[in-house]
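All remarks here apply to the structure that follows.
Here, each number is a calculation from the coordinates, and none is a lab measurement. Everything numeric here is computed off the predicted structure, so don't read it as measured data. Quick reminder, even Gly has a Cβ in these numbers, built from the backbone with ideal geometry, and neighbours come from all protein chains shown.
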Amino acid sequence: MKGQINDVISIFVVSGGKGVTGHTIVQTLIIQYPENKLNVKIIPDVRTEEKILQVIKRVKKVNGILTHTMVNSGIRAFLIEECKKQQVKQADLMGGLANIIENDFGLESVNTPGLYHKINAQYYKRIEAMEYTLHHDDGLNAQNLSKADIVVTGVSRCGKTPLSVYMSMFGWKVANVPLIKDIDPPKELFEIDKNRVFGLNINLNHLVIQRQKRWKGISNLSNMNYVDSKMVGQELQYAKFLFKRGEFTQINISNKAIESTANEIIGLIIDRFGQENQFNENH
């Protein structure tokens with residue numbers, strides 16, 4: 001019997017994951033029926049035969065439509081068979097394509113619900129980490145240092161920015177804070193968890209060479225103190241004083257690749273906080 005124009009039609013989106021994909025597909029379709037009352041409900045995390053029987057009973061009670069995106073072939077087959085037995089209308093949103101891929105091309109599914117969401121969650125986490133890092137480069141937005149997974153600090157040209165950006169590409173929210181002689185760093189640097197703060201040490205001669213390269217490349221940089229060995233040495237001593245004051249972990253980065261320094265820092269973070277708490281809970 002066809003539903004009348006004013007009937008409310010309940011469409012249940014059943015998924016072994018969170019149901020986002022199925023919900024998007026259904027919403028894309030029902031927008032073509034603006035005059036009908038179509039009520040869409042997501043039922044996520046359906047992964048057992050017992051749960052399927054409960055869902056089918058619920059759908060049958062309201063004479064609804066069961067749509068599904070079950071990637072587990074065994075669970076999918078059970079759901080379809082039970083719908084037939086109990087005369088519940090069902091629409092398989094994944095099975096047709098999955099059957100072609102598996103039967104006609106011989107590929108084998110891993111049958112893992114929620115895998116797409118998990119992979120994309122990791123992608124968006126990396127994007128979020130990179131955005132945070134860029135917005136907290138060179139001392140910017142110091143009021144948000146408590147949200148960082150890692151904070152690196154040190155004098156100018158010791159490699160804070162490239163190191164921060166490199167680690168952010170792996171999902172770490174990294175802030176970097178420059179240390180300038182005779183200027184107090186932001187108070188937040190000494191208020192956050194010291195176990196997440198790393199002071200970058202660098203050999204004096206190596207630092208002077210790095211600064212000379214920058215000094216030659218910037219025509220309006222007239223401050224000779226920037227490349228004077230004595231003054232640079234004083235900057236490094238001031239930085240070490242602040243490292244000790246904050247009880248920060250000191251990392252020597254002289255002649256060391258960014259990858260090596262990053263691995264050392266990340267390894268220390270995991271050792272200190274464990275796999276479960278390595279990322280800052282203040283996010």
Between 0 and 90°, nearest 10: helix 49-61 axis offset from the chain longest Cα axis: 60
Aspartates and glutamates within cross-link reach of residue 60: Cα-Cα under 14 Å, excluding same-chain residues under 8 positions apart? 82
What aspartates and glutamates sit close enough to residue 37 to cross-link, taking a C-alpha to C-alpha distance under 17 Å and skipping anything fewer than 8 places away on the same chain? 7
I want to check the label-to-label distance for residue 63 and residue 156. Put each point 7 Å from Cα in the C-beta direction and report it in nm to one decimal. 7.8
Between residue 147 and residue 268, how high is the FRET efficiency from 1/(1 + (r/R0)^6) when r is the Cβ-Cβ distance and R₀ = 25 Å? Nearest 0.05. 0.80
Set 41/89; 18/57; 173/213; 147/230; 187/244; 187/240, cut-off 27 Å on Cα-Cα distance; pairs above it are 173/213; 147/230
Note down the Stokes-Einstein diffusion coefficient of the chain in µm²/s, whole number, using a Kirkwood radius over alpha carbon pairs, 37 °C, and 0.692 mPa s. 140
Express in % the proportion of alpha carbon pairs of the range 8-113 at distances exceeding 15 Å. 61
Beta carbons within 10 angstrom, averaged per residue: use that to sort the peptides 201-207, 154-160, 69-75, 34-40, highest first. 154-160, 69-75, 201-207, 34-40
